[in-house]
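The values are calculated or read from the model by the stated rules, or taken from the named source; none is laboratory data. Quick caveat, the model's predicted, so the values are computed rather than measured. Cβ sites come from the backbone with ideal geometry, for glycine too, and all protein chains shown count toward neighbours. Surface accessibility is based on the protein's heavy atoms, side chains included, excluding ligands, DNA and RNA. Shrake-Rupley method; radii C 1.70, N 1.55, O 1.52, S 1.80 Å.
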Amino acid sequence: MRPVIRGTVFIGLLLFLITFQAPIGSAAMAVKNDVFMMVEELPAVTEVGSFNPGQELSLSAASAVVMDADTGQVLYAKNCHQPKPIASTTKIMTALVAIECASLKSIATISPHAAGTEGSSIYLKAGEKLVLEELLFGALLHSGNDACVAIAEHVAGREEVFVNFMNYKAYRLGAKNTHFCNTNGLPNDQHFSSAFDLALITCNALKNPVFNRMVATKTHSITGPEGKRFLSNTNKMLWSYQGANGVKTGTTDAAGKCLVSSATRDGRRLIAVVLHSEDRWGESIRLLNYGFERFQNRTVAVQGEAFSTIGIKEGEKRTVPVSVAQNIVVALPVDKEEKVERIIMMEPELRAPVRPGQAVGKLQVLVEGEMVGQADLITMEGTPKLPAYQMMWHKIWNKI
């Protein structure tokens, strides 16, 4: 099968496959120099400020986290960096990579291998043809393991090649405790992630409008050999929790009951993750309620508003105003005053000419000593260099 991959080709994947050391053991699936990675360049992301409530939340889940999707802040965490089996929450990454790499309307022919995949299924038949979008609905709503294998084969030719795409994407996102061995989450000792990594991956995935739309869909129908397949989302939160709009369930004996959920209220979106929970619905609701009720978002720097000034050497203007390149919004507890600090790291002066939008440093925002947000500082105006005769006059005047 010929891969239907689109995007920018990065030789970085080959370097990654050669140099990146992951604990994949004998379960590793190697690639023989026959594929390049097709993804957009992404900055590595690291965890930002965390507010832990101590004994205020008691959960049965082995690992849990609630993250503000807009700021990336962790509002609650329990063993959030411990690698754990993650079952079908794997499909978040499967869907994201497929959406980014191939056309939703491209036609996939189901292989006997995909049709014979064990576990949860949408009952694909060998030789059947479906568009990629239908397979994605089958994977995300009905958690079809067979749909995931069909997606991987359609996009990358072989599932093991597609899995390398998933691992490279996780690496680029900064998911440090994640390693995939398959596309669907079937048990494997070397297939794992963490609550924080899943929230981080989901935060990125929800920025994709196609993914965002699919995981918020309650029911959908796709074609089948004998008519329509009617799919109902396994995520009960969509029916039972106000503002719920995603994301994915997961269940195996090894992983227990897992859930990655998201909800939006009053313009704020939160992501909750519970792994190996005795009550994934109730505990996810408690986590989301905690985040919505105990925190509020506050804008601490506004793009386009003069924040400071910077001196200009040899310019027609002696100073130009400086602003942040984007708004900085942070989540703060509502029930106590948190000390918010803004740290400016900026060049002492610039030499003309200076152009508008020129980067001159960074603004970091700290809450109780922890960094919770940052943005580039840029010039709001430009200035040309002084004419030579004026520069000479200034030098003479300064000496006098």
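Laid out as a table, the results:
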item: Conditions (1) within 20 Å of the chain's Cα centre (by Cα); (2) over 30 Å from Leu130 (Cβ atoms): number failed by Trp281; result: (1)
item: For Lys129: the one exception among (1) buried (at least 24 other Cβ atoms within 10 Å of the Cβ); (2) more than 18 Å from Asn188 (Cα to Cα); result: (1)
item: Number of positions in region 354-379 that are closer than 16 Å to Val340 by Cβ and not in a strand (DSSP E or B); result: 2
item: Enumeration of residues in region 310-333 that are within 20 Å of Arg269 (Cα to Cα) and either exposed (fewer than 14 other Cβ atoms within 10 Å of the Cβ) or polar (S, T, N, Q) (or both); result: Gln326, Asn327
item: Any chance Ala301 is open to solvent by 70 Å² or more (accessible area, probe 1.4 Å), farther than 30 Å from Asn184 by Cβ and in contact (Cβ under 8 Å) with a residue 60 or more places away in the chain; result: no
item: Members of region 180-195 that are open to solvent by 10 Å² or more (accessible area, probe 1.4 Å) and either more than 13 Å from Lys91 (Cα to Cα) or among the hydroxyl-bearing types (Ser, Thr, Tyr) (or both); result: Pro187, Asn188, Asp189, Gln190
item: Restricting region 334-346 to residues that are open to solvent by 30 Å² or more (accessible area, probe 1.4 Å) and not in a strand (DSSP E or B), the residue that is nearest to Val367 (Cα to Cα); result: Lys339
item: Checklist (1) more than 13 Å from the chain's Cα centre (by Cα); (2) at pLDDT 95 or above applied to Lys228, failing item; result: (2)
item: Residue that is modelled with pLDDT under 55, of a type in the set (Ser, Thr, Tyr) and at negative phi, where the choices are Thr94, Thr8; result: Thr8
item: Extreme residue, modelled with the highest pLDDT, among residues of region 374-390 that are open to solvent by 10 Å² or more (accessible area, probe 1.4 Å) and within 23 Å of the chain's Cα centre (by Cα); result: Asp376
item: Hits in region 204-241 - residues which are closer than 17 Å to Ile92 by Cβ, open to solvent by 80 Å² or more (accessible area, probe 1.4 Å) and hydrophobic (A, V, I, L, M, F, W, C); result: none
item: Pairs, first at pLDDT 95 or above and of a type in the set (Asp, Glu) in region 98-121, second open to solvent by less than 50 Å² (accessible area, probe 1.4 Å) and in a loop (DSSP other than H, G, I, E, B), C-beta under 8 Å, six or more apart; result: Glu100/Val39; Glu100/Asn208; Glu118/Leu186
item: Single unsatisfied condition, Ile151 versus (1) assigned to a helix (DSSP H, G or I); (2) surrounded by fewer than 20 Cβ atoms within 10 Å (Cβ to Cβ); (3) of a type in the set (Val, Ile, Thr); result: (2)
item: Options Ile122, Ile107, Ile99: the member that is among the β-branched types (Val, Ile, Thr) and open to solvent by 30 Å² or more (accessible area, probe 1.4 Å); result: Ile107
item: Filter pass, Phe307 being crowded, with 19+ Cβ neighbours inside 10 Å, within 21 Å of Val367 (Cβ to Cβ) and under 23 Å from the mean Cα position of the chain (by Cα); result: no
item: Residue within region 48-66 that is in contact with a Gly (Cβ under 6 Å, 6 or more places away or on another chain), open to solvent by 20 Å² or more (accessible area, probe 1.4 Å) and at pLDDT below 95 present; result: yes
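Condition check ((1) over 24 Å from Gly116 (Cβ atoms); (2) outside any loop (DSSP other than H, G, I, E, B)) across all residues:
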| site | (1), (2) |
| --- | --- |
| Asn177 | yes, no |
| Thr217 | yes, no |
| Thr234 | no, no |
| Val247 | yes, yes |
